Amino acid sequence: MAENAARGRATRTANMAMRRDRILDTARDIIAESGFEALGIRELARRAGVTVPTIYNLIGNKSALVAQLFNDTISPFEDLQFIGEDDDPVGAPERFFENLIAWMRGRENYHRAEFLAREHLRKAGDAVAVEMHERVIGIAIEACEQLRNAGVLLGAVGTRQLGELVEHQVRLAFHDWAHGAVNLEQFRRRLIVGTYLCLAADASSEYHPRFIEKLRSCDSDDHVVRLGDR
């Protein structure tokens with residue numbers, strides 16, 4: 001009897017997780033199609049094939065739903081090892097952004113709408129959006145600390161300051177892409193160029209020429225970088 005009860009609980013838990021994932025996936029579809037403004041609990045319930053109380057029980061109100069969507073965008077990158085044991089540390093930023101772009105492909109409309117909504121809410125002082133912004137800065141700070149520990153950065157510029165500069169460059173690139181000013185390939189280049197420009201400011205004498213070479217290799221028609229050696 002106890003075994004049957006445990007099996008029943010496991011089945012209920014699995015079904016709840018499946019419904020929750022279906023709700024979140026449907027919410028992303030609605031946002032990708034019509035933007036965050038179109039996301040409503042009743043329409044979401046109808047399209048996900050669940051009841052409104054089910055959404056409230058499994059996730060919460062619309063604010064909780066939005067917070068979960070924001071979290072699902074950011075959390076995959078928080079625990080990544082920026083520099084692998086056998087990796088060339090200079091190539092770490094480029095590898096990171098290649099993985100980001102690969103993860104975004106196929107859901108560009110969703111990620112565009114998600115970024116615009118998160119920025120709008122952050123500027124309005126929304127607590128969840130502000131927290132997510134700080135978490136993105138935290139990812140950049142952690143990357144800078146790993147580069148400093150690997151001897152790539154001197155540490156003359158504080159990792160908090162450098163991380164904030166990197167995040168700012170990333171946000172500018174996202175802004176241009178989300179507003180249609182650049183395509184996905186140009187977006188990738190801007191992410192890489194902006195980040196390497198920031199890191200070059202604190203690079204050690206051994207690594208600075210390699211950062212400059214990376215910048216030159218990323219030159220494109222709309223983002224030409226011309227830097228001399230220090």
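Observations, loosely collected:
- Condition met for Arg188 (out of contact with any helix residue (DSSP H, G or I) (no Cβ under 6 Å at 6 or more places or on another chain) and among the basic types (Lys, Arg)): no
- Any hit, the range 142-153, residues being within 15 Å of the chain's Cα centre (by Cα) and either modelled with pLDDT of 90 or more or of a type in the set (Val, Ile, Thr) (or both): yes
- Qualifying residue in the range 23-36 (condition: aliphatic (A, V, I, L, M) and more than 23 Å from the chain's Cα centre (by Cα)): no
- Residue match in the range 58-73 (condition: surrounded by 15 or more Cβ atoms within 10 Å (Cβ to Cβ), modelled with pLDDT of 90 or more, over 22 Å from the mean Cα position of the chain (by Cα) and not basic (Lys, Arg)): yes
- Pairs, first within 14 Å of Ala140 (Cα to Cα) and at pLDDT 75 or above in the range 75-89, second basic (Lys, Arg) and not in a loop (DSSP other than H, G, I, E, B), C-beta under 7 Å, six or more apart: Glu78/Arg135
- Criterion: without any contact (Cβ under 8 Å) to a residue 12 or more places away in the chain and either under 13 Å from Phe77 (Cβ atoms) or small (Gly, Ala, Ser) (or both) - qualifying residue of Ala140, Ala173, Ala92, Ala102: Ala102
- Among helices (runs of 4 or more DSSP H) entirely within the range 33-126, having at least 2 residues that are among the basic types (Lys, Arg) singles out 41-48, 108-123.
- One residue alone among Arg22, Arg28 is within 30 Å of Ala173 (Cα to Cα) and either among the basic types (Lys, Arg) or in a loop (DSSP other than H, G, I, E, B) (or both), and that residue is Arg28.
- If only residues of the range 166-177 that are crowded, with 21+ Cβ neighbours inside 10 Å and among the aliphatic types (A, V, I, L, M) are counted, the one that is nearest to Ala113 (Cα to Cα) is Ala173.
The values are calculated or read from the model by the stated rules, or taken from the named source; none is laboratory data. Predicted model, so just to flag it, every value in this text is computed and none were measured. All Cβ positions, glycine included, derive from the backbone under ideal geometry; neighbour counts span all protein chains shown.
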